[in-house]
Amino acid sequence: MRKVLITSSDGSVASRISQHLGGAVSVLSCGHGGLAGLYASERPDAVIVDIGEERQGISAIDELKRADEHASIIALTRGHDMATTVDVIKKGAFDCIPKPVDLAELDRCLEKVFEGVDLHRRLADLGAGGQWRSDEIVGRSRVMEEVFKTIGLASQSKVTILIQGESGTGKELIARAIHRNSSEAGRPFVAINCSALVETLLESELFGHEKGAFTGALFKKEGKFEAASGGTVFLDEIGEMSQALQVKLLRVLQERSFERVGGGETIRTDVRVIAATNSDLKALVTAGAFREDLFYRLKVITIDVAPLRERLEDVPLLVMHLLEKSNRELHKKVKKVPEEVMAHLMSYSWPGNVRELENVITR
């Protein structure tokens, strides 16, 4: 029989899950104290860690991972707590489930854990042997919970990332969150909007130019890929990039090198590229407006950001967050939004997404 250990400082959480799982698996439960000893003696297939209101469960994850780096941990978090979700994924949790716990989701998650445990055991038999800042992105919806998880996973490597979503959904904020949570957080984050400059200026902005490379080039200029050395280059509205520049960007991603405009010296680069678009890149590829090889180079990890109309349950949380922000910036002391106003905000479709909501709150 499968064995699951539940650790929580809230007896009601452990009791509810124990009653649900009791017929199918052997369930053990304890508080955060004595966890390592119980884990070592029982060797459960999975551990469910209730992070708790004061994040007590974070240290439990650390303790379990020190005892067994392969421990399969499912973390229970507050649904709107992005910082904790990202943190536990970075620390090695298999998955996060927001509270109150959806028991059907828990069953699906445990099934995946058990499949992984079985695979690990089969391989063994064969001999195979930074602090998070959450002051910008908020949400308690399931779609945002998935975004938080992906931020945690993506921050662990320097793979290329494509963020897709309508204008105003916060794509640059997500890119900055990935950078802040990565091991390169102390390195530069450099952003550029590919639709804001004509092709020649955009090429110079990205790759730099030598003195005399074109009319007005009075001195040598360092481009974004040099300025962001070791860090992240964020290319917003990548779908607006010309075919000629797409070729040059593809070379950067493939060979990690480029030349300045008007120069012959090959410059090596170790930056991570995060691209964003509000266009359907796949459709642009089909239409011949975007290179297919570049498209697949960019989408090693893809993050799809839902429009606000598809996650209206996030509106109250966003309103309070944006109200606090506006109070700071405008030196106001508005503490609440009347219920009838909130109801109106919840019924609107928000074609301009979070940016439009922010403008409304500011006004």
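The values are calculated or read from the model by the stated rules, or taken from the named source; none is laboratory data. Computed from a prediction, not measured in an experiment: that's the story for all the values here. Using ideal geometry, Cβ is built from the backbone for each residue, glycine included, and neighbour counts are taken over all protein chains shown. When the accessible area is computed, the model is the full protein with side chains, heavy atoms only, and any ligands, DNA or RNA have been set aside. Shrake-Rupley method; radii C 1.70, N 1.55, O 1.52, S 1.80 Å.
Points worth noting:
- Residue match in the stretch 214-221 (condition: in a strand (DSSP E or B), in contact with an Asp or Glu (Cβ under 9 Å, 6 or more places away or on another chain) and open to solvent by 10 Å² or more (accessible area, probe 1.4 Å)): yes
- For the condition surrounded by 20 or more Cβ atoms within 10 Å (Cβ to Cβ) and either farther than 20 Å from Leu322 by Cβ or in contact with a Leu (Cβ under 6 Å, 6 or more places away or on another chain) (or both), Ile238 qualifies.
- None of Ala177, Ala191 is at pLDDT 85 or above, surrounded by 15 or more Cβ atoms within 10 Å (Cβ to Cβ), closer than 18 Å to Thr302 by Cα and small (Gly, Ala, Ser) except Ala177.
- Index of the failed condition, Val261 passing every other in (1) of a type in the set (Val, Ile, Thr); (2) closer than 17 Å to Ser204 by Cβ; (3) surrounded by fewer than 16 Cβ atoms within 10 Å (Cβ to Cβ); (4) in contact with an Asp or Glu (Cβ under 8 Å, 6 or more places away or on another chain): (3)
- Residues in the stretch 81-89 include none that are in a loop (DSSP other than H, G, I, E, B), hydrophobic (A, V, I, L, M, F, W, C) and under 20 Å from Val143 (Cβ atoms).
- Lone unmet requirement of (1) within 18 Å of Met82 (Cα to Cα); (2) at pLDDT 90 or above for Leu162: (1)
- Answer from Gly23, Gly52 - the residue that is on the phi > 0 side of the Ramachandran plot and in a loop (DSSP other than H, G, I, E, B): Gly52
- Filter pass, Val247 being closer than 20 Å to Val300 by Cβ, outside any loop (DSSP other than H, G, I, E, B) and more than 26 Å from the chain's Cα centre (by Cα): yes
- Within the stretch 32-52, tally of residues that are touching a strand residue (DSSP E or B) at 6+ places or on another chain (Cβ under 9 Å) and under 18 Å from Ala93 (Cα atoms): 13
- Close pairs from the stretch 306-321: first within 19 Å of Glu166 (Cα to Cα) and open to solvent by 40 Å² or more (accessible area, probe 1.4 Å), partner assigned to a helix (DSSP H, G or I) and modelled with pLDDT of 90 or more, Cβ under 6 Å, at least 6 apart: Leu312/Met346
- Residue list for the stretch 194-207, filter: touching a Leu at 6+ places or on another chain (Cβ under 9 Å), open to solvent by 60 Å² or more (accessible area, probe 1.4 Å) and not small (Gly, Ala, Ser): Glu199
- Test: residue in the stretch 290-297 that is farther than 19 Å from Ala175 by Cα, hydrophobic (A, V, I, L, M, F, W, C), part of a loop (DSSP other than H, G, I, E, B) and open to solvent by less than 50 Å² (accessible area, probe 1.4 Å): yes
- Any chance Val233 is over 19 Å from Gly263 (Cα atoms) and either touching a Ser or Thr at 6+ places or on another chain (Cβ under 7 Å) or open to solvent by 70 Å² or more (accessible area, probe 1.4 Å) (or both): no
- Single match in Gly11, Gly34 (criterion: open to solvent by 30 Å² or more (accessible area, probe 1.4 Å), on the phi > 0 side of the Ramachandran plot and not charged (D, E, K, R)): Gly34
- Residue satisfying all of: in the stretch 250-274; hydrophobic (A, V, I, L, M, F, W, C) and not in a loop (DSSP other than H, G, I, E, B); farthest from Ser183 (Cα to Cα) among these: Val261
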